[in-house]
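The values are calculated or read from the model by the stated rules, or taken from the named source; none is laboratory data. Quick caveat: nothing in here was measured; it's all calculated off a predicted structure. To get the accessible areas, we keep the full protein, side chains included, count just its heavy atoms, and leave off ligands, DNA and RNA. Shrake-Rupley method; radii C 1.70, N 1.55, O 1.52, S 1.80 Å.
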Amino acid sequence: MNAKFFRTIASLGAIAGLSMTVLPNPPAQARKGSQADYNACTTQLLDRGLDNEVVALACGTAFAPRDLASCVAEIDEGTEITAVTALDNCREVRRPRELSSCVVDIAGLTTTENLPIVLDSCRRSLLPERYANCVTGITPPSDLATLDVMDSCIDATDRIRDFYPTFIPAE
């Protein structure tokens with residue numbers, strides 16, 4: 001019985017090894033961190049007027065270089081925030097594309113002097129897209145200021161649930 005078990009395991013290992021050599025690898029363009037990703041990141045950030053050394057460091061250390069560059073470009077184009085400031089913030093988040101859409105969406109509801117607060121709030125949010133949806137969904141129909149709504153949407157305090165005790169007897 002043990003011999004049969006070991007033969008089965010060995011044949012499964014052989015099949016797995018064979019399938020790994022026969023199945024094609026994904027193309028280089030589909031992999032994160034490919035040469036094309038770093039090239040696109042570098043080109044896009046240099047087009048924003050950023051310094052060569054800063055761009056090399058930013059693209060070289062990015063987990064998703066294309067996402068980083070897209071984040072910077074979207075914030076730079078959609079707001080009055082500079083590319084340098086955008087790059088600093090896009091490098092600090094796990095979801096740079098969500099950060100940029102959050103900033104651009106909320107920026108349309110507030111004034112230019114509030115943009116640093118918008119950028120910081122979107123950066124601090126764990127789910128920037130959901131945060132932006134909260135702010136943009138509440139602000140227009142309400143009479144509340146955008147900054148007040150931003151504070152409410154980012155508030156992560158625990159709320160008491162099941163405050164009233166149940167009177168179901170324990171068995």
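Taking the solvent-accessible surface of protein heavy atoms with a 1.4 Å probe, what is the per residue accessible area of region 102-152 in Å²? Don't skip to the answer; put the middle values down first.
On the way: 2770 Å² over 51 residues.
Computed with neighbouring chains in place, this is 54 Å² per residue.
In square nanometres and to one decimal, what's the mean projected area of the convex hull around the Cα atoms of region 74-121? It would help to have the intermediate numbers written out before the result.
Values: hull surface 11.2 nm².
So the mean shadow area of the Cα hull is 2.8 nm².
On the principal axes of its Cα set, how long, how wide and how thick is region 87-157? Give whole Å, largest value first.
34, 28, 17
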